[in-house]
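Right, I'll just put the structure down here and ask away after.
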Amino acid sequence: VQLQASGGGLVQAGGSLRLSCASSGTRFSFNSMGWYRQAPGKQRELVATLTIGGPTNYADSVKGRFTISRDNSKNTLTLQMNSLRPEDTAVYYCNAEKWGAGTVTYWGQGTLVTVSS
């Protein structure tokens, strides 16, 4: 299973970016998909997650600005980021989980988002 994240780049504060995550190498649907980010010198943190038949969760810092969505039939994930701030600068990682007897977690390679002030 591979997750390929794309859409990162350089944007001015107040601008928008759209991240995408495409999965390959599997026919099953992930129970949960989400976005995490890691800023320089900081730990990786949750940005937003979306669970089939369950809730959508957002970090408080992005509520009202970011929107996560997925195409279940294609196992693709999108993160629309609006009103970007310099503190949103980070490497953004796509995450997917398959639940069963245990949880199998997959990570994409990350895409860099840089927001200039």
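Scan the stretch 14-35 for residues that are more than 11 Å from the chain's Cα centre (by Cα) and within 23 Å of Ser117 (Cα to Cα) and jot them down.
Gly14, Gly15, Ser16, Leu17
So, Val62, is that one surrounded by 17 or more Cβ atoms within 10 Å (Cβ to Cβ), of a type outside the set (Phe, Trp, Tyr) and in contact (Cβ under 8 Å) with a residue 40 or more places away in the chain or not?
So Val62 fails the test.
Can you name the residue in the stretch 101-117 that is in contact (Cβ under 8 Å) with a residue 40 or more places away in the chain and over 11 Å from the mean Cα position of the chain (by Cα) and is also farthest from Ser16 (Cα to Cα) among such residues?
Tyr106
Still on this structure, I have one more. Restricting to the stretch 2-36, name every residue that is under 16 Å from Asp88 (Cα atoms), surrounded by 16 or more Cβ atoms within 10 Å (Cβ to Cβ) and in contact with a Lys or Arg (Cβ under 9 Å, 6 or more places away or on another chain).
If the condition is that a residue be under 16 Å from Asp88 (Cα atoms), surrounded by 16 or more Cβ atoms within 10 Å (Cβ to Cβ) and in contact with a Lys or Arg (Cβ under 9 Å, 6 or more places away or on another chain), then Gly7, Tyr36 are the ones that fit.
The numbers here are math on the coordinates, done by the rules we state, and not lab data. None of the values given here were measured: they were computed from a predicted structure. Because the Cβ atoms are built from the backbone with ideal geometry, glycine has one as well, and the counts that use them run over all protein chains shown.
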